[in-house]
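Readers should treat all values here as calculations from the given coordinates under stated rules, not as data from a laboratory. Everything numeric in this text was worked out from a predicted model, so none of it was measured. Cβ coordinates were reconstructed from backbone atoms using ideal geometry, including for glycine residues, and neighbour counts include every protein chain displayed.
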Amino acid sequence: MKRKLAAYIELTKPRIMCMVLVTFVIGFFLGGQGFHSLWLLILPLIGTAMVTGGAAALNHYLERDADAKMDRTQHRPIPSGTLSPNAVMLYGVYLVLGGTLLLLWAVNILTAFLAILTAFLYVVVYTPMKRLTWLNTIVGAIPGALPPMGGWAAATGHVEAGAWALFAILFVWQHPHFYAIAWMFKDDYRKGGFKMLPVIEPDGLSTFRQVVFFSALLIPVSLLPTMLHLSGWLYFWGVLLMGTVFLGSGVALYQSGSIMAARRVLRASVIYLPLQLALILVDYGF
């Protein structure tokens, strides 16, 4: 029973869910100009967590054959035999539908729509697209960038320029983050039949260019909150410095092409995002 419970939790991809919920809260905070009621935040978070976890479970279901071929995923719940494919599919469907209905009932139609749109793009568009073209990374960044818009909509009932700014930051940030992962695990992706950019262009030059381009683009995009008066100059200079360091890690990857350099890009990305979001909160309104 413990093993199955752990497997059901694993299906929801807790690390990804954590990022989704944190960015949702940031959107909620900025859209609502602060936290005015914890209760108003709890139900949207529960609904969003359910939809996110359900979409992740459906991704496990659809990629079960590929997961069995890749070293880093062969011990997931379905390939390992811990859970049956049908159980995982039903689990995912129930979570997505239940979460959407909760958002529709307890929050508003726009938040529910953004949640189901995120699940649709992730499961129905991005997941099969990974077997067709390297452009899947660009398409997959869209559902990954929608959660702060959902948070904004939950607080206000609509989306404004600030919500789009948060979307743009997350959309751009995901590219160097996931291209670094793709380079690190390119052999595994090849085994799974995924058309990631390092798989179809093994020399890595196109991958490294993408990392540098989007790392550079992230610098002006990340300054949008200050331009929109959502944050002050502490955030401006802080994120400018962090963006420069992040770009430096991307340039180092372009120069060396090593797995170690890709790990540094990945490490820089996972440090950059939470620090940036923390700066937005700390510097809000100044």
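Which pairs have Cβ atoms under 8 Å, sit 6 or more apart or on different chains, and link a residue in segment 240-263 that is without any contact (Cβ under 8 Å) to a residue 24 or more places away in the chain to one that is part of a helix (DSSP H, G or I) and among the basic types (Lys, Arg)?
Sorted first by the residue in segment 240-263, then by its partner, the pairs are 252/264.
Scan segment 112-152 residue by residue and report those that are under 18 Å from residue 192 (Cα atoms) and either in contact with a Ser or Thr (Cβ under 8 Å, 6 or more places away or on another chain) or among the polar types (S, T, N, Q) (or both).
127, 133, 136, 137
Among the residues of segment 41-97, which ones are touching an Asp or Glu at 6+ places or on another chain (Cβ under 9 Å) and acidic (Asp, Glu)?
Within segment 41-97, just 71 meets the criteria.
Is it true that some residue in segment 65-84 is among the small types (Gly, Ala, Ser), in a helix (DSSP H, G or I), in contact with a Pro (Cβ under 8 Å, 6 or more places away or on another chain) and farther than 23 Å from residue 177 by Cβ? Quick ask: steps written out before the conclusion?
Of the residues in segment 65-84, the ones among the small types (Gly, Ala, Ser) are 66, 68, 80-81, 84.
Cutting the leftovers down to in a helix (DSSP H, G or I) gives us 66, 68.
Next, from what is left, pick out any that are in contact with a Pro (Cβ under 8 Å, 6 or more places away or on another chain): 68.
Restricting the remaining residues to those that are farther than 23 Å from residue 177 by Cβ gives 68.
Yes, there is a match, as at least one residue in segment 65-84 is among the small types (Gly, Ala, Ser), in a helix (DSSP H, G or I), in contact with a Pro (Cβ under 8 Å, 6 or more places away or on another chain) and farther than 23 Å from residue 177 by Cβ.
Checking residue 37 against (1) more than 30 Å from residue 283 (Cβ to Cβ); (2) small (Gly, Ala, Ser); (3) surrounded by fewer than 17 Cβ atoms within 10 Å (Cβ to Cβ): exactly one of these is not met. Which one?
So the condition that residue 37 fails would be (1).
Just for segment 198-209: of the residues that are touching a residue at least 24 places away in the same chain (Cβ under 8 Å) and surrounded by 23 or more Cβ atoms within 10 Å (Cβ to Cβ), which one is nearest to residue 140 (Cα to Cα)?
Here the residue is 207.
Counting only residues that are of a type in the set (S, T, N, Q) and free of Cβ contacts under 8 Å to residues at least 40 places away in the same chain, how many does segment 1-32 have?
Final tally of qualifying residues: 0.
Name the residue, out of 50, 19, that is within 14 Å of the chain's Cα centre (by Cα) and either at positive phi or crowded, with 16+ Cβ neighbours inside 10 Å (or both).
The conditions single out 19.
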